[in-house]
1. Condition first: open to solvent by 10 Å² or more (accessible area, probe 1.4 Å) and farther than 17 Å from E83 by Cα. Now tell me which residues in region 154-176 satisfy that.
2. Given the condition in contact (Cβ under 8 Å) with a residue 40 or more places away in the chain and not in a helix (DSSP H, G or I), answer yes or no: does some residue in region 260-276 qualify?
3. Which residues, counting only those in region 7-54, are of a type in the set (A, V, I, L, M), open to solvent by 40 Å² or more (accessible area, probe 1.4 Å) and not in a helix (DSSP H, G or I)?
4. Determine which single condition I293 fails, assuming it passes every other condition in (1) without any contact (Cβ under 8 Å) to a residue 40 or more places away in the chain; (2) assigned to a helix (DSSP H, G or I); (3) within 30 Å of R242 (Cβ to Cβ).
5. Filter region 229-264 down to residues that are touching a Cys at 6+ places or on another chain (Cβ under 8 Å) and farther than 20 Å from G13 by Cα and give me whichever is surrounded by the most Cβ atoms within 10 Å (Cβ to Cβ).
6. Before we move on, is E297 on the phi < 0 side of the Ramachandran plot and open to solvent by 60 Å² or more (accessible area, probe 1.4 Å)?
7. Here is a list of conditions, (1) modelled with pLDDT of 85 or more; (2) crowded, with 20+ Cβ neighbours inside 10 Å, and F114 meets all of them except one; can you say which number that is?
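The values are calculated or read from the model by the stated rules, or taken from the named source; none is laboratory data. In this text the structure is predicted, and so the values were computed from the model without any measurement. Cβ atoms come from the backbone with ideal geometry, glycine included; neighbour counts cover every protein chain shown. Note: accessible area is taken over every heavy atom of the protein model, side chains too, but ligands, DNA and RNA are not part of it. Shrake-Rupley method; radii C 1.70, N 1.55, O 1.52, S 1.80 Å.
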Amino acid sequence: MENVVINNPFVVGRYLSDQYFCDRAEETVFLRKQIDNGRDVVMISPRRIGKSGLIQHFFNQLDIQERYYTFFVDIYATTSLAEFVYTLGKEIYEQLKPQTTAWKEKFFQIISSFRVGFKLDAMTGAPSFDIGLGDIQMPQTTLDEIFAYINEADKPCIVAFDEFQQIGEYAEKNVEALLRTKIQKCTRTQFIYAGSKRHMMSNMFNSPSKPFYQSAISMGLEPIPLPAYTDFAKSLFAERNRQISSETIEAVWKLYDGYTWFVQIIMNELFTLTNPGGTCTPDKIATARRNVIMTQEQSYKDLLSNLPPRQKIVLQAIAKEGIAHNITSAKFIKKYNLSSASSVQAAVKLLTKNDFLTQTDNGYRVYDFFFAEWLATVY
């Protein structure tokens with residue numbers, strides 16, 4: 001497999017290759033076993049822990065690439081069935097575009113409602129996907145065509161939906177039942193449903209009254225173990241004539257509970273702060289954290305400016321606590337000069353729904369570790 005060479009090996013927010021991906025060997029084997037045995041998978045874990053990276057890593061395995069067409073569809077930003085259909089159709093076409101199979105040529109033939117977007121490049125003569133969201137006039141019809149298309153592929157398909165719980169927020173009330181009906185007819189396609197809102201996803205797949213009840217094998221995702229991440233980080237430093245102490249890696253891992261995205265960003269910055277031939281030690285962590293947080297300061301200010309005053313005060317109080325227990329107790333309300341238990345409860349409900357807060361087994365915390373630190377120490 002071809003290696004991708006980059007200056008900073010601690011890649012954030014995207015998957016490049018096995019070389020820059022840490023561990024998840026058991027999880028990859030588990031996914032392969034389920035897919036090869038015709039079982040769909042539901043993957044439930046918090047955001048930023050590595051669900052998307054794992055799926056893309058799995059898709060990147062040579063045997064999977066040879067035997068399947070793979071599509072990764074992020075629906076986090078979608079708010080309606082029309083947006084879902086648009087995102088799915090565009091992802092399928094973009095993945096097929098580099099290929100020369102006859103199946104690609106059938107795209108606009110079978111998905112006839114996309115023909116409005118069928119255009120030929122004036123220079124190359126190649127077809128292009130040139131439609132807008134407003135062109136999706138009959139989403140259910142287009143969805144039928146898309147599923148009919150992938151069911152006629154010249155090899156099996158795997159479709160992964162990221163943040164699948166989003167369909168529960170759509171204005172249309174029958175989307176779960178509609179999708180389940182369509183998916184059941186896709187006899188040559190396996191599906192991976194990844195989601196970060198545990199209660200919504202669990203209800204969707206474990207409640208007998210829901211269309212997706214027991215339709216997929218459940219899979220959780222825990223942080224990458226510290227020993228595995230330590231070996232990974234040390235090897236990436238060493239490959240570029242740098243060293244990093246085990247104590248430094250452990251301190252970073254513990255600061256962010258092993259959440260991959262946050263750990264990777266700090267490691268990315270620590271690598272930048274370490275000169276060739278040098279060693280990264282724990283004293284650099286404070287500088288790395290400050291540098292990362294300050295690059296986000298304007299976006300944090302923008303987020304706060306759009307929050308109602310009561311939500312803003314509660315959010316800052318929870319940030320200062322780190323993990324907030326008994327948020328409606330008289331002690332917590334008095335400590336942060338909050339108005340009442342009911343107002344705190346209402347604010348927390350909205351902040352959780354909008355992903356500012358997350359609920360853990362021990363209480364509530366600000367979802368974004370960097371945002372929490374900025375709120376607690378700077379704002």
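1. D154, K155, P156
2. The answer is no, given that none of the residues of region 260-276 is in contact (Cβ under 8 Å) with a residue 40 or more places away in the chain and not in a helix (DSSP H, G or I).
3. Here is the first cut: in region 7-54, the residues of a type in the set (A, V, I, L, M) are 11-12, 16, 25, 29, 31, 35, 41-44, 49, 54.
The next check asks that each one be open to solvent by 40 Å² or more (accessible area, probe 1.4 Å); those that pass are 12, 16, 25, 29.
Across region 7-54, the qualifying residues are V12, L16.
4. Against the list (1) without any contact (Cβ under 8 Å) to a residue 40 or more places away in the chain; (2) assigned to a helix (DSSP H, G or I); (3) within 30 Å of R242 (Cβ to Cβ), I293 comes up short only on (1).
5. T248
6. Values: on the phi < 0 side of the Ramachandran plot: yes; open to solvent by 60 Å² or more (accessible area, probe 1.4 Å): no.
Answer is no for this residue.
7. Failing condition for F114: (1).
Results for (1) closer than 21 Å to R188 by Cβ; (2) in contact with a Phe, Trp or Tyr (Cβ under 6 Å, 6 or more places away or on another chain); (3) at pLDDT 95 or above, shown as yes or no for each residue.
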residue: I6; (1), (2), (3): no, no, no
residue: T28; (1), (2), (3): no, yes, yes
residue: L54; (1), (2), (3): no, no, yes
residue: I64; (1), (2), (3): yes, no, yes
residue: V85; (1), (2), (3): yes, no, no
